[in-house]
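Encoded as structure tokens, the structure appears first; notes follow it.
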Amino acid sequence: MTKRVLLIVGGGIAAYKTLELIRNLRKRGFALRCILTRAGKEFVTPLALASLSGDKVYEDLFSLTDEAEMGHIELSREADLLVVAPATADLLAKMANGSANDLASTALLATDKPILAAPAMNIRMWLHAATQRNLARLKDDGVTFVGPGDGEMACGEYGPGRMAEPVEIADAIERMLGGTTAQKPLAGRRVVVTSGPTVEPIDPVRFLSNRSSGKQGHAVAAAAASAGAEVVLVSGPVSIPDPAGVRTVHVESAVEMLAAVEAALPSDIAIFCAAVADWRVEPAGHKIKKGKSGAPTLALIENPDILATICRHKQRPRLVIGFAAETEKMLAHARAKLERKGCDMIVANDVGGPAGVMGGERNTVHLVTRDGVEDWPTLDKTEVAHRLVERMAALVGTSS
Ligand code: CTP
């Protein structure tokens, strides 16, 4: 049966993202109905919401026509889930205090259905004791939250307060409603993902590594899982949590990463997002001491190329995708890597610029295949991940 979401759009700059959220939810087979607050109307139009949701948009508590068609009590009663996005400081305060002075707050008070809120506000408003108090109270009341994330905000500041991306909100909705009737695009498929850096020990206290945060690889693993795939994520040491719904294998070195990837075969798809250290050394069994003979020389040994090894493997997955982190001549190097390693696609990104791709939230990538190059705009890493998963699904599809 189709699950129904009542989406309450609050007044914040992030309201524009709800248009993408609606598109995403409808693609997943959910039915949508929207309430737009007075402040929300300053950021998105009722017409835009109505066109995408395919339904009338409700705005007024005391509108005779609205009440005649669908009363405010009825609005929240016929939904399976209420979603507040963006959940502004004001909406959270109203919810925490049981205030009911407009249609949005009345619908939220008149419901016994689960509520998901996606907060979005200026960092200081988010960190303010009043907001944190409201948040704690709402959590106590059983409200579920998605985000906010860290990032650059419309006000130019950086920190927590940025609304979760539409795909993350849609994933949270799907988790709360227990899936949809729509067929998932990677259902029955196995996907192996590598992520993060590798760490190559020099001695018991020192190592060689790089700046990879694992954000892109982890986002790909999470997106593949939400597309219905059975995912094994082989990750080097990172400071971000294991994604939900994914089997994560933690490794340190390139040699361990290769072994874990081989152990995860057979697989339909493999995508190599890890920044594998190119070299290792024979690690000393004790801490290397400073001596009279001066600085020690590190004899570098080349690490196995995991991507190239899997491309030549007797259990080579049907679709193998590599990444190419470049600081110059990006496309030429990416094309050369495609041939040299024998994969089907290279996702090339420039990691040399001031944008801070390594560790950052956003990525500008180019898909390089034997047929040509496709340039993508700068996107959040979660959005890059979802688009890559859409591409995987188009190339491999479900197993049924
Ligand atoms: N890769 C891998 N094993 C390695 C090195 C790289 O699996 N030992 C994978 C990466 O995960 C990525 C792709 O190969 O998908 C390209 O990685 P990149 O670091 O850009 O290229 P390198 O192979 O290191 O080549 P170069 O040093 O010439 O940039």
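The values are calculated or read from the model by the stated rules, or taken from the named source; none is laboratory data. Since we're looking at a predicted model, the values are computed, not measured. Cβ: placed from backbone, ideal geometry, glycine included. Neighbour counts: every protein chain shown. Surface accessibility is based on the protein's heavy atoms, side chains included, excluding ligands, DNA and RNA. Shrake-Rupley method; radii C 1.70, N 1.55, O 1.52, S 1.80 Å.
Between the exposed loop cleavage positions of the chain, defined as GluC sites (Glu not before Pro) in a non-H, G, I, E, B DSSP state with at most 15 neighbouring beta-carbon atoms within 10 angstrom, the longest gap is 158-327.
For the chain, the longest principal axis of the C-alpha atoms and the axis of helix 381-396 are separated by about 80°. Restricting attention to the chain, close to 30% of DSSP beta bridges with both partner residues there are antiparallel.
Legend: residue pairs K215/K314; K27/K184; K27/K56; K113/K381, Cα-Cα distance threshold 21 Å; pairs beyond threshold, K215/K314; K113/K381. When nucleic acids and ligands are ignored and a 1.4 Å probe is applied, V9 ends up with an accessible area of around 0 Å².
In the context of the full protein assembly, D305 retains an accessible surface of approximately 60 Å², using a probe radius of 1.4 Å and ignoring ligands and nucleic acids.
Can you figure out the FRET efficiency of I240 with R387, using R₀ = 22 Å and their beta-carbon distance, to the nearest 0.05? Step by step, r from the Cβ atoms, then E = 0.60. Only helical runs count toward this figure. For the chain, summing -39,500 (n - 2.57) over DSSP H runs of n ≥ 4 and dividing by all residues gives -9500 deg cm²/dmol at 222 nm.
Applying the criteria of a DSSP loop state and at most 12 other Cβ atoms within 10 Å to the trypsin sites (Lys or Arg not before Pro) of region 309-342 yields R312, K314, K329.
When only alpha carbons of region 184-396 are considered, Rg and Dmax amount to 17.5, 64 Å. The trypsin sites (Lys or Arg not before Pro) of region 249-308 meeting both criteria, a DSSP state outside H, G, I, E and B (loop) and at most 15 other C-beta atoms within 10 angstrom of the site's C-beta, are K287, K289, K290, K292.
From the P(r) of the chain, could you give the percentage of C-alpha pairs in the tail past 27 Å? Considering the chain, 56 percent of its Cα-Cα pairs are separated by more than 27 Å.
Dipole size of the chain about its Cα centre, with +1 on Lys/Arg Cβ and -1 on Asp/Glu Cβ: approximately 1000 debye, rounded to the nearest 20. Computed about its Cα centre, the charge dipole of region 148-249 is approximately 340 debye, with only Lys, Arg, Asp and Glu carrying charge at their Cβ. The angle between the Cα long axis of helix 129-140 and the longest principal axis of the Cα atoms of the chain comes to about 90 degrees, rounded to the nearest 10. Relative contact order of the chain, taken over Cα pairs closer than 8 Å and 6 or more residues apart, is 12 percent. Surface composition of region 4-177: carbon plus sulfur atoms contribute 52% of the solvent-accessible area (1.4 Å probe, protein chains only, all chains present). Apolar share of the accessible surface for region 184-396: 53 percent from carbon plus sulfur atoms, 1.4 Å probe.
A 1.4 Å probe run over the protein chains yields, for the chain, 47 Å² of accessible area per residue, whole-number rounding.
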